[in-house]
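Q: Below you will find the structure I want to go over with you.
The values are calculated or read from the model by the stated rules, or taken from the named source; none is laboratory data. All values reported here derive from a predicted model rather than from experimental measurement. All Cβ positions, even for glycine, are placed from backbone atoms using ideal geometry, and neighbour counts span all protein chains on display.
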Amino acid sequence: MVNVSEHELVPDHTLLDDPDDVEEVLEEYNVKRTDLPKIKRTDPALSNEAEAGDVVRIERDSRTTDTAVTYRLVVE
């Protein structure tokens with residue numbers, strides 16, 4: 001079976017482990033954790049360590065900027 005998370009077209013998904021990093025992101029964008037866009041825990045691009053309530057950093061290549069960064073809240 002193919003591991004989708006390692007495909008070249010799937011952007012990098014990084015789990016934010018440090019609660020301070022999550023707080024920095026929330027303060028920077030002036031949002032609550034529940035205001036972040038959602039991603040299902042079962043999404044093939046996520047690692048198996050992701051649990052509901054975690055925040056994931058997604059880095060995509062961008063034509064206008066070198067890298068576009070978004071954050072998502074893991075939900076069941």
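Q: Any residue at all in the range 2-23 that is polar (S, T, N, Q), at pLDDT below 90 and out of contact with any strand residue (DSSP E or B) (no Cβ under 9 Å at 6 or more places or on another chain)?
A: Yes: the range 2-23 contains one or more residues that are polar (S, T, N, Q), at pLDDT below 90 and out of contact with any strand residue (DSSP E or B) (no Cβ under 9 Å at 6 or more places or on another chain).
The rows are residues; the columns are (1) surrounded by fewer than 16 Cβ atoms within 10 Å (Cβ to Cβ); (2) among the small types (Gly, Ala, Ser); (3) not in a strand (DSSP E or B).
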site: Leu9; (1), (2), (3): yes, no, yes
site: His13; (1), (2), (3): no, no, no
site: Asp20; (1), (2), (3): yes, no, yes
site: Glu28; (1), (2), (3): yes, no, yes
site: Ile39; (1), (2), (3): no, no, no
site: Thr42; (1), (2), (3): yes, no, yes
site: Glu49; (1), (2), (3): yes, no, yes
site: Val56; (1), (2), (3): no, no, no
site: Ala68; (1), (2), (3): yes, yes, no
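Q: Go through the range 30-48 and give me each residue that's aliphatic (A, V, I, L, M) and without any contact (Cβ under 8 Å) to a residue 12 or more places away in the chain.
A: If the condition is that a residue be aliphatic (A, V, I, L, M) and without any contact (Cβ under 8 Å) to a residue 12 or more places away in the chain, then Val31 is the only one that fits.
Q: Taking the condition out of contact with any Pro (no Cβ under 9 Å at 6 or more places or on another chain), surrounded by 13 or more Cβ atoms within 10 Å (Cβ to Cβ) and not hydroxyl-bearing (Ser, Thr, Tyr), does Asp35 pass?
A: Considered against the rule, which asks whether it is out of contact with any Pro (no Cβ under 9 Å at 6 or more places or on another chain), surrounded by 13 or more Cβ atoms within 10 Å (Cβ to Cβ) and not hydroxyl-bearing (Ser, Thr, Tyr), Asp35 comes out as no.
Q: OK, next. Can you find even one residue in the range 53-67 that is among the basic types (Lys, Arg) and out of contact with any Leu (no Cβ under 8 Å at 6 or more places or on another chain)?
A: There is at least one residue in the range 53-67 that is among the basic types (Lys, Arg) and out of contact with any Leu (no Cβ under 8 Å at 6 or more places or on another chain).
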